[in-house]
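K.L.:
Take this structure, written in structure tokens, and hold onto it; I'll ask about it next.
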Amino acid sequence: PPAAPADLAVPRPLGVSTSALTRIVAQGQNAASQSFQVRNSGVGSLSYNVSDNASWISLSPASGVSAGEYDTINVNYNTAGLSPGTHTGTITISSTAGNKTVGVTMTVTPPPTTLDVRFPNGGDRLQKGTDYRVKWDWSPNYTGNIRVHVYRGNAYYATLAANEPVHHGTNGTI
């Protein structure tokens, strides 16, 4: 029988730079993009397609041909709508030399609690030795204790509450 052409006689192994991608993102935010490389680690040309099984993952490009060079696959995340917790997906690279997968783990953390001080708001002139009620709002609902510190300019001045249960304000003397 005639000899096979050289590029058909040698296996064309599919090379992928990683088997896992991981990100941590706060709820309501989109995670930063990542990338990985695909290449033909043999001789000749290797055609491939990339796909995923999660609605919050998008890939580009979706296909390519490698003759030995490293091709970058960009992984973009649309995670703003995901609930807190761990979400997983799989990226599949299908090629003329077989398939490989890249596991994706996305950990979504609850958004940070923010306190918005309503009084004093930074422009108020307060008299030393006077009792004031510091008022604030928070988002999302928070349970636990807080500390309230007073600063004069950028310098620490006093602590109004060292370990105060959260409600919409606390009394303290400046």
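K.L.:
On full extension of the chain, what length is gained from Thr130 through Glu69, given 0.36 nm per residue of separation minus the C-alpha to C-alpha distance? Show your work: numbers first, answer last.
P.N.:
On the way: separation 61, 0.36 × 61 = 21.96 nm, distance 7.24 nm.
Value of the extension gain: 14.7 nm.
K.L.:
Please give the length that would be gained between Tyr151 and Ser55 if that part of the chain were fully extended, namely 0.36 nm times their separation in residues minus their C-alpha to C-alpha distance (nm, one decimal). List each step's numbers first, then the result.
P.N.:
Working: separation 96, 0.36 × 96 = 34.56 nm, distance 4.67 nm.
The Tyr151-Ser55 span can extend by a further 29.9 nm.
K.L.:
Assuming R0 = 30 Å, what is the FRET efficiency of Ser41 and Thr88, from their Cβ-Cβ distance, to the nearest 0.05?
P.N.:
On the way: r = 27 Å, r/R0 = 0.91.
According to the calculation, E is roughly 0.65.
K.L.:
Thr96 to Ala26: FRET efficiency via 1/(1 + (r/R0)^6), r the Cβ-Cβ distance, R0 45 Å, to the nearest 0.05?
P.N.:
For Thr96 and Ala26, the calculated efficiency is 0.65.
K.L.:
Determine the gain in length on full extension of the stretch Asn78-Ser19; use 0.36 nm per residue of separation and subtract their C-alpha separation, reporting nm with one decimal. If you can, show how the numbers build up before the last one.
P.N.:
Details: separation 59, 0.36 × 59 = 21.24 nm, distance 2.08 nm.
Between Asn78 and Ser19, full extension yields an extra 19.2 nm.
Bear in mind that the values in this text are calculations on the coordinates, not laboratory data. No experiment lies behind these values; they were computed from the predicted model shown. Reconstructed Cβ throughout: ideal geometry from the backbone, glycine too, with neighbour counts over all protein chains shown.
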